[in-house]
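Accompanying notes for the structure given below.
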Amino acid sequence: MTLLAAGPSLAWAERLPPHEVDMGAPGDCPAETVQVVQVTWQGGVTEPSGDELGVGALAAHGVRMRGPDGAEVWIAPMAFGDLDDGDNNVDLCLDMAGVPLEVRVEANAVSDPGPAQGGADLNPETSVIVYDGWAR
């Protein structure tokens with residue numbers, strides 16, 4: 001459980017099957033996306049400025065991947081998708097094949113869109129294991 005004053009934390013992450021992902025439209029992953037991991041936050045998230053998630057938050061998101069050769073590496077998403085809908089799900093658009101294993105977000109990368117009095121509720125460092133939705 002995350003206290004409200006601590007800001008939003010990751011609750012779930014799932015690699016989505018390609019047929020479940022909208023791509024190429026504004027607010028969606030770019031058409032050249034290789035695969036998508038959808039993360040669910042324990043509340044809505046925005047940039048600390050209050051703007052929709054964008055380039056400022058990308059570098060703070062990391063995905064631990066097992067590549068086709070079996071080696072594990074950390075990568076940053078190339079873009080965010082599933083934006084502009086006001087919910088707590090965000091797509092991490094990846095440009096690497098392989099199996100996503102974990103998502104980690106550095107502290108102070110995102111904020112609750114309804115900040116508490118006296119300032120924004122920024123996220124603590126947060127991570128979650130990725131469920132493989134392709135295996136369904």
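The values are calculated or read from the model by the stated rules, or taken from the named source; none is laboratory data. Nothing here was measured: the structure is a model prediction, and the numbers come from that model. Cβ coordinates were reconstructed from backbone atoms using ideal geometry, including for glycine residues, and neighbour counts include every protein chain displayed.
Quick notes on this structure:
- Residue within segment 75-86 that is closer than 16 Å to Pro8 by Cα and exposed (fewer than 13 other Cβ atoms within 10 Å of the Cβ) present: yes
- Pro77 vs. criteria in contact (Cβ under 8 Å) with a residue 60 or more places away in the chain, closer than 21 Å to Glu125 by Cβ and not in a strand (DSSP E or B): no
Yes or no, residue by residue, for (1) of a type in the set (Lys, Arg); (2) in contact with an Asp or Glu (Cβ under 9 Å, 6 or more places away or on another chain); (3) within 17 Å of Arg104 (Cα to Cα):
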site: Gly27; (1), (2), (3): no, yes, no
site: Gly50; (1), (2), (3): no, no, no
site: Gly70; (1), (2), (3): no, no, no
site: Phe80; (1), (2), (3): no, yes, yes
site: Gly86; (1), (2), (3): no, no, no
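- Picking from residues in segment 1-16 that are within 16 Å of the chain's Cα centre (by Cα) and at pLDDT below 95, the one that is farthest from His61 (Cα to Cα) is Leu16.
- Filter pass, Leu94 being in contact with a Ser or Thr (Cβ under 8 Å, 6 or more places away or on another chain) and either over 22 Å from Ser111 (Cβ atoms) or surrounded by 20 or more Cβ atoms within 10 Å (Cβ to Cβ) (or both): yes
- Within segment 89-116, considering residues that are under 20 Å from Glu47 (Cβ atoms), of a type outside the set (A, V, I, L, M, F, W, C) and in a loop (DSSP other than H, G, I, E, B), the one modelled with the lowest pLDDT: Pro115
- Search result, residues across segment 1-55 that are more than 18 Å from Asp84 (Cβ to Cβ) and among the hydroxyl-bearing types (Ser, Thr, Tyr): Thr2, Ser9
- Filtering segment 69-83 to residues that are within 14 Å of the chain's Cα centre (by Cα) and not aromatic (Phe, Trp, Tyr) leaves Ile75, Ala76, Pro77, Met78, Ala79, Gly81, Asp82, Leu83.
- Residues (hydrophobic (A, V, I, L, M, F, W, C) and closer than 13 Å to Val45 by Cβ) located in segment 72-88: Phe80, Leu83
- Condition met for Ala11 (buried (at least 20 other Cβ atoms within 10 Å of the Cβ) and in contact (Cβ under 8 Å) with a residue 24 or more places away in the chain): no
- Members of segment 8-36 found to be over 29 Å from Leu122 (Cβ atoms) and outside any loop (DSSP other than H, G, I, E, B), listed by number: Pro18, His19, Glu20, Met23
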